[in-house]
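Encoded as C-alpha coordinates, the structure appears first; notes follow it.
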Amino acid sequence: MTETLEKWNNIVRHGVIPRWTRAKPQYQDTIPANHRSINGHEHSIRYHLHKGQLERRYLIMEANLLDQWPEIFVSPLAVVDKPGAAQQDIRLINDYSFPPDGSVNDYTDRSDHSPISYNPPRAIARPIYQRKMLGRSSQMLLKLGDVAGAFRHVSINAEAVHMFCFRYKDVLVIELACGFGW
(Lines give C-alpha, C1' and ligand atoms only; values in the text may rest on other atoms or scores of the structure.)
Protein backbone atom coordinates (compact mmCIF):
# COMPACT_ATOMS: atom_id res chain seq x y z
CA MET A 1 0.00 0.00 0.00
CA THR A 2 2.82 2.40 0.87
CA GLU A 3 4.45 1.79 -2.52
CA THR A 4 1.19 2.60 -4.31
CA LEU A 5 0.75 5.84 -2.34
CA GLU A 6 4.33 6.77 -3.12
CA LYS A 7 3.74 6.22 -6.85
CA TRP A 8 0.57 8.34 -6.83
CA ASN A 9 2.27 11.14 -4.88
CA ASN A 10 5.11 11.12 -7.41
CA ILE A 11 2.61 11.43 -10.28
CA VAL A 12 0.90 14.36 -8.54
CA ARG A 13 4.23 16.13 -8.01
CA HIS A 14 5.93 15.40 -11.34
CA GLY A 15 3.27 14.13 -13.75
CA VAL A 16 3.17 10.75 -15.42
CA ILE A 17 6.62 9.68 -16.59
CA PRO A 18 6.01 7.10 -19.32
CA ARG A 19 8.47 4.33 -20.03
CA TRP A 20 9.10 3.52 -23.67
CA THR A 21 10.03 0.29 -25.39
CA ARG A 22 13.35 -0.03 -27.17
CA ALA A 23 11.45 -0.06 -30.46
CA LYS A 24 10.52 3.63 -30.10
CA PRO A 25 12.47 5.62 -32.65
CA GLN A 26 14.06 8.95 -31.79
CA TYR A 27 12.02 10.67 -34.51
CA GLN A 28 8.72 9.98 -36.24
CA ASP A 29 9.20 9.13 -39.93
CA THR A 30 5.88 10.40 -41.23
CA ILE A 31 3.03 12.32 -39.68
CA PRO A 32 -0.21 10.36 -40.01
CA ALA A 33 -3.24 12.06 -41.53
CA ASN A 34 -6.15 12.92 -39.27
CA HIS A 35 -9.19 10.67 -39.34
CA ARG A 36 -12.02 11.61 -41.71
CA SER A 37 -14.38 11.94 -38.75
CA ILE A 38 -13.10 15.51 -38.26
CA ASN A 39 -14.62 16.65 -41.56
CA GLY A 40 -17.47 19.09 -41.09
CA HIS A 41 -16.65 19.83 -37.44
CA GLU A 42 -14.28 22.79 -37.78
CA HIS A 43 -16.25 25.14 -35.51
CA SER A 44 -16.62 22.52 -32.75
CA ILE A 45 -12.97 21.45 -33.01
CA ARG A 46 -11.75 25.06 -32.70
CA TYR A 47 -14.11 25.54 -29.73
CA HIS A 48 -12.68 22.49 -27.94
CA LEU A 49 -9.10 23.50 -28.72
CA HIS A 50 -9.75 26.93 -27.20
CA LYS A 51 -11.46 25.36 -24.18
CA GLY A 52 -8.54 22.95 -23.66
CA GLN A 53 -6.10 25.84 -23.85
CA LEU A 54 -8.05 27.84 -21.25
CA GLU A 55 -8.14 24.78 -18.98
CA ARG A 56 -4.35 24.41 -19.43
CA ARG A 57 -4.69 20.93 -20.92
CA TYR A 58 -3.39 21.97 -24.35
CA LEU A 59 -0.33 23.90 -25.41
CA ILE A 60 -1.18 25.26 -28.85
CA MET A 61 1.36 26.65 -31.29
CA GLU A 62 1.88 27.10 -35.00
CA ALA A 63 2.25 23.80 -36.84
CA ASN A 64 5.27 25.01 -38.79
CA LEU A 65 7.29 24.66 -35.56
CA LEU A 66 7.36 20.92 -36.28
CA ASP A 67 10.29 21.59 -38.60
CA GLN A 68 12.29 22.94 -35.65
CA TRP A 69 11.21 20.27 -33.15
CA PRO A 70 11.76 16.85 -34.78
CA GLU A 71 11.27 14.94 -31.49
CA ILE A 72 7.52 15.66 -31.61
CA PHE A 73 5.33 12.61 -32.25
CA VAL A 74 2.02 13.44 -33.89
CA SER A 75 -0.98 11.16 -33.55
CA PRO A 76 -4.07 11.54 -35.73
CA LEU A 77 -7.02 13.56 -34.50
CA ALA A 78 -10.52 12.09 -34.57
CA VAL A 79 -13.89 13.21 -33.25
CA VAL A 80 -16.84 11.27 -31.89
CA ASP A 81 -20.29 12.52 -31.03
CA LYS A 82 -20.70 13.20 -27.33
CA PRO A 83 -23.64 11.10 -26.16
CA GLY A 84 -26.30 12.68 -24.00
CA ALA A 85 -25.28 16.27 -24.74
CA ALA A 86 -28.11 18.83 -24.70
CA GLN A 87 -26.85 20.20 -28.00
CA GLN A 88 -24.97 18.34 -30.68
CA ASP A 89 -21.40 18.18 -29.42
CA ILE A 90 -18.21 16.24 -30.09
CA ARG A 91 -15.29 14.81 -28.15
CA LEU A 92 -11.76 15.24 -29.52
CA ILE A 93 -9.77 12.02 -29.66
CA ASN A 94 -5.99 12.01 -29.97
CA ASP A 95 -5.65 8.51 -31.44
CA TYR A 96 -2.65 7.07 -29.59
CA SER A 97 -3.29 3.65 -31.15
CA PHE A 98 -2.63 4.75 -34.74
CA PRO A 99 -0.74 4.18 -36.99
CA PRO A 100 -0.32 0.43 -36.51
CA ASP A 101 3.19 -0.56 -35.40
CA GLY A 102 4.13 3.10 -35.03
CA SER A 103 1.78 4.55 -32.43
CA VAL A 104 2.35 5.98 -28.97
CA ASN A 105 0.53 2.94 -27.54
CA ASP A 106 2.85 0.60 -29.46
CA TYR A 107 5.92 2.29 -27.96
CA THR A 108 4.59 2.44 -24.39
CA ASP A 109 6.29 -0.03 -22.04
CA ARG A 110 3.49 -1.56 -19.99
CA SER A 111 5.63 -4.12 -18.16
CA ASP A 112 5.19 -2.38 -14.80
CA HIS A 113 1.49 -1.54 -15.18
CA SER A 114 -0.85 -3.18 -12.71
CA PRO A 115 -3.52 -5.41 -14.23
CA ILE A 116 -6.92 -3.77 -14.56
CA SER A 117 -10.08 -5.76 -14.17
CA TYR A 118 -13.40 -4.55 -15.46
CA ASN A 119 -16.50 -6.01 -13.92
CA PRO A 120 -18.90 -3.21 -13.00
CA PRO A 121 -22.19 -5.17 -13.19
CA ARG A 122 -20.97 -7.73 -10.65
CA ALA A 123 -19.27 -5.09 -8.50
CA ILE A 124 -22.48 -3.06 -8.39
CA ALA A 125 -24.90 -5.96 -7.97
CA ARG A 126 -23.02 -7.80 -5.19
CA PRO A 127 -23.48 -5.22 -2.37
CA ILE A 128 -27.11 -4.66 -3.37
CA TYR A 129 -27.78 -8.39 -3.27
CA GLN A 130 -25.92 -8.82 0.04
CA ARG A 131 -27.91 -6.03 1.70
CA LYS A 132 -31.16 -7.56 0.47
CA MET A 133 -30.19 -11.01 1.77
CA LEU A 134 -29.38 -9.52 5.18
CA GLY A 135 -32.85 -7.99 5.27
CA ARG A 136 -31.60 -4.43 5.18
CA SER A 137 -34.02 -2.11 3.49
CA SER A 138 -31.83 0.98 3.53
CA GLN A 139 -31.49 3.02 0.40
CA MET A 140 -28.31 2.71 -1.70
CA LEU A 141 -27.02 5.57 -3.79
CA LEU A 142 -24.95 5.14 -6.93
CA LYS A 143 -22.74 7.82 -8.38
CA LEU A 144 -22.04 8.01 -12.09
CA GLY A 145 -18.97 9.79 -13.34
CA ASP A 146 -17.21 10.79 -16.51
CA VAL A 147 -14.12 8.59 -16.59
CA ALA A 148 -12.61 10.52 -19.49
CA GLY A 149 -12.85 13.68 -17.41
CA ALA A 150 -10.77 12.15 -14.62
CA PHE A 151 -7.76 11.86 -16.92
CA ARG A 152 -7.77 15.61 -17.55
CA HIS A 153 -6.40 16.12 -14.04
CA VAL A 154 -3.40 13.80 -14.44
CA SER A 155 -0.53 15.74 -15.96
CA ILE A 156 2.20 14.34 -18.18
CA ASN A 157 5.79 15.00 -17.18
CA ALA A 158 7.37 17.85 -19.16
CA GLU A 159 10.05 15.50 -20.54
CA ALA A 160 7.37 13.33 -22.19
CA VAL A 161 4.72 15.71 -23.55
CA HIS A 162 6.39 15.70 -26.97
CA MET A 163 4.89 12.21 -27.50
CA PHE A 164 1.29 13.37 -26.98
CA CYS A 165 0.54 15.73 -29.84
CA PHE A 166 -1.84 16.16 -32.72
CA ARG A 167 -2.10 18.58 -35.59
CA TYR A 168 -5.20 20.38 -36.80
CA LYS A 169 -4.88 22.55 -39.90
CA ASP A 170 -2.39 25.29 -38.97
CA VAL A 171 -1.89 24.40 -35.30
CA LEU A 172 0.12 21.86 -33.36
CA VAL A 173 -1.50 20.79 -30.09
CA ILE A 174 0.55 19.30 -27.26
CA GLU A 175 -1.52 17.54 -24.61
CA LEU A 176 -0.35 18.40 -21.12
CA ALA A 177 -2.67 15.93 -19.38
CA CYS A 178 -3.24 12.23 -19.95
CA GLY A 179 -5.64 11.60 -22.77
CA PHE A 180 -8.33 8.97 -22.55
CA GLY A 181 -7.15 5.84 -24.30
CA TRP A 182 -3.46 5.94 -23.51
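The values are calculated or read from the model by the stated rules, or taken from the named source; none is laboratory data. Every value quoted in this text rests on a predicted model; they were computed, and no experiment measured them. Positions of Cβ are generated from backbone atoms using ideal geometry, with glycine treated the same way; all protein chains shown enter the neighbour counts.
Quick look at the values:
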| read-out | value |
| --- | --- |
| Options SER137, SER97; residue that is of a type in the set (S, T, N, Q) and modelled with pLDDT under 90 | SER137 |
| Candidate set from region 1-32 (those that are more than 16 Å from PRO99 (Cα to Cα) and of a type in the set (Asp, Glu)); member that is farthest from the chain's Cα centre (by Cα) | GLU3 |
| Number of the condition not met by PRO100 [criteria: (1) touching a residue at least 24 places away in the same chain (Cβ under 8 Å); (2) part of a loop (DSSP other than H, G, I, E, B); (3) more than 19 Å from VAL173 (Cα to Cα); (4) not hydrophobic (A, V, I, L, M, F, W, C)] | (1) |
| Residue in region 27-44 that is among the hydrophobic types (A, V, I, L, M, F, W, C) and part of a loop (DSSP other than H, G, I, E, B) present | yes |
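This table checks each residue for (1) touching a helix residue (DSSP H, G or I) at 6+ places or on another chain (Cβ under 7 Å); (2) within 23 Å of SER155 (Cα to Cα); (3) modelled with pLDDT of 95 or more.
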| site | (1), (2), (3) |
| --- | --- |
| LEU5 | no, yes, no |
| THR21 | yes, yes, yes |
| ARG36 | no, no, yes |
| ILE60 | yes, yes, yes |
| ALA63 | no, yes, yes |
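Conditions (1) at pLDDT 95 or above; (2) surrounded by 10 or more Cβ atoms within 10 Å (Cβ to Cβ); (3) within 15 Å of ALA177 (Cα to Cα); (4) of a type in the set (Lys, Arg), marked per residue:
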| site | (1), (2), (3), (4) |
| --- | --- |
| VAL12 | no, yes, yes, no |
| ASP29 | no, no, no, no |
| SER44 | yes, yes, no, no |
| TRP69 | no, yes, no, no |
| GLY84 | no, no, no, no |
